[in-house]
Amino acid sequence: MGSHPRLFQSVCAGGTIGTGKASGPSHRFRYGPGMSVDVDETVRDVAGRVKADLAGLTSEMTSMFIDVIPEFRHDDEVRRLMIASTASNLAALLDILTLSISEDDVTVPPAAAEYARRFAQHGMSLVALLRAYRLGEHMLVQRAIFMLRGSSASADVVLAAASRIALVANSYIDQIIEGVTDIYENERRRWDARSDNTRAAQIRAVLDTEGLDLASAEQMLGASLRGWHIAAVIWSGTPSSSALLRAGAAMLARATGKEPLTVLIDEQNCWAWISSTGKPALDVVELARDLHRRPGIHLAVGDPGAGLAGFRQTFRDAQRARNLTLSADPTRPLTLHSRVALASLLVDHLPDTRAWVHRVLGDLVRDDETTARLRETVQTYLDARGSLTDAATRMHVHKNTVHYRIRRAEDVLGHPLSVNRLETEVALMIFEQLGLDRPVGYRGS
């Protein structure tokens, strides 16, 4: 029997040989005269000998998985499924090599499909699962190469056989990985939806059940409600946007330095709560910056609240802030309830609110650039407590410009700003926050 240690260096390193050329999934090779039959027989012989010790190779391979991949350290039930998955893939691949089965007929073995589903259900990493497939591929090819070392065939035949086995194994694993990835991701989505549906039902019960005591609410959620809470509603207008919703929750975590309690309500909406023993701090600048970098995500944030009552109230705040955004400017990425609290109470009464604002402001609601500038100047002037100098500084214009615009605005209103000052200030604020300068039915670009 011959020995060919040097000829295997390129194959062991992942190389190929000049005597064979892959052409699509079937890996057809070009050989010299009479060589093809010898290569076929050598491949079948080696694959048959490997298959004869299938149980031993399966045991060795699964032990290796457990040693190097922490996620593969299962309980007895899942471990048996992992062993069956490994054995079924090895048997299928070796059948392809020994029986010349077309690789076009490759499908994920049932045991491997079920193991991928179980992996997803346990929340384990897809990367770890795919890593095992590549490690298993490498171990199988090395076993075949070891057996080829003692082959009596010529060096060219042995090297061609090694290359074919490596290429066929790689093609098989590529196809199985594609199928396993689909199975894993579909199961992860289904499992997440089931888990979120349960969590959503529990949270709704905590939010809506009258007479619910604090201890019972904490038991239902599995979380403490004794500290402070900030709720956020996260949404996206993009269908099947769970990745965007999770990205929004991650932004909230960065802006507060705490992991939120989250629940996906559906494909476009997520609820989240930040909780802590002290009043949570929100980095609004960082949150706004993150949202600007990732278009398509919208957040409405409630005011801090303490205890079970605060857990509920901050969520109602966030819901009202969201409703206001959808009504006034659906493109706005971030809305803080603290900045729109009064206007958010009026979202459900838009016709009456619009009529009142028009009655207070009169022609100061006209939709043109000059009038819009007058509204901005009046609002800034009132915020500056009637100081022309402070208003001019805030607007970066001359004090005389502010004085002129105030006089013009008073002419439009028909009375000095000192008359009905509070009503004018509130009407201007509501006009801006509710987007009453936009056409009825406006839903953003």
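GNM remark for the chain: springs join alpha carbons under 10 Å apart, and the peak mean-square fluctuation among 296, 56, 435 falls on 56.
Using 0.36 nm per residue, how much length does the chain from residue 286 to residue 146 gain when fully extended, once their Cα-Cα distance is taken away? Length difference between fully extended and current span is 44.6 nm. Excluding ligands, DNA and RNA, the accessible surface per residue across region 245-399 is 49 Å² with a 1.4 Å probe.
In order along region 314-322, phi translates into HN-Hα couplings of 5, 5, 4, 4, 5, 5, 5, 5, 5 Hz, rounded to whole numbers, per the Karplus curve 6.51 cos²θ - 1.76 cosθ + 1.60 with θ = phi - 60° and x for Gly and Pro. Here the chain exposes an accessible surface that is 51 percent carbon and sulfur, computed with a 1.4 Å probe and the other protein chains kept in place. So how tilted is helix 54-68 from the main axis of the chain? Cα-based, degrees 0 to 90, rounded to 10. For helix 54-68, the angle is close to 40 degrees.
Under 8 Å for C-alpha pairs, at least 6 residues apart: give me the relative contact order for region 195-346, rounded to a whole percent.
Details: 279 pairs, mean separation 39.8, N = 152.
Relative contact order here is 26 percent.
Pairwise over distinct Cα atoms, reciprocal of the mean inverse distance: report the Kirkwood radius of region 260-402 in Å, one decimal place. Don't jump to the answer; show the numbers that get you there.
Working: mean 1/r = 0.0557 Å⁻¹.
For region 260-402, inverting the mean 1/r across all distinct Cα pairs yields 18.0 Å.
Measure nothing but the geometry: give the 0 to 90° angle between the long axis through the Cα atoms of 242-256 and the longest principal axis through the Cα atoms of the chain, rounded to 10°. With rounding to tens, the tilt is 60 degrees.
Taking 0.36 nm per residue of sequence separation and removing the Cα-Cα distance, the residue 359/residue 293 pair yields an extension gain of 19.7 nm.
Relative contact order of the chain, taken over Cα pairs closer than 8 Å and 6 or more residues apart, is 12 percent. Taking Kirkwood radius over Cα pairs in Å as calculated from this structure, the corresponding entry among (1) 24.0; (2) 23.0; (3) 27.8 is (3).
Per-residue ellipticity at 222 nm, computed for the chain from helices alone with -39500 (n - 2.57) per DSSP H run of at least four residues, works out to -20500 deg cm²/dmol. Rounded to the nearest whole Hz, the Karplus-based 3J(HN,Hα) values (6.51 cos²θ - 1.76 cosθ + 1.60, θ = phi - 60°) of region 193-206 follow the sequence 5, 5, 5, 5, 5, 5, 4, 4, 5, 5, 5, 4, 5, 5, with x at glycine and proline.
Let me know the charge dipole size of the chain about its Cα centre in debye, to the nearest 20, where only the beta-carbon of Lys, Arg (+1) and Asp, Glu (-1) is charged.
Details: 51 positive and 53 negative charges, 200 e Å.
For the chain, the charge dipole is close to 960 debye.
Which FRET efficiency value, to the nearest 0.05, is calculated for residue 139 and residue 259 with the Förster distance at 35 angstrom and r the Cβ-Cβ distance? Intermediate results must be reported in sequence, preceding the final value.
On the way: r = 39 Å, r/R0 = 1.11.
The pair residue 139/residue 259 has a calculated efficiency of 0.35.
Put +1 on the Cβ of every Lys and Arg and -1 on every Asp and Glu Cβ in the chain; which of 223, 92, 292 then has its Cα farthest towards the positive end of the dipole? Most positive-ward Cα: 292. Compared with the direct C-alpha span, the chain from residue 418 to residue 219 gains 66.1 nm at full extension, assuming 0.36 nm per residue. The accessible area of residue 358, taken with all protein chains in place and a 1.4 Å probe, comes to roughly 80 Å². Build a GNM of the chain with springs between Cα atoms under 10 Å apart, and of 109, 351, 260 the one that fluctuates most is 351.
The values are calculated or read from the model by the stated rules, or taken from the named source; none is laboratory data. Quick caveat, the model's predicted, so the values are computed rather than measured. Backbone-built Cβ (ideal geometry, glycine too); neighbour counts: all protein chains shown. Please note that ligands, DNA and RNA were not included when accessible areas were found on the heavy atoms of the full protein model with its side chains. Shrake-Rupley method; radii C 1.70, N 1.55, O 1.52, S 1.80 Å.
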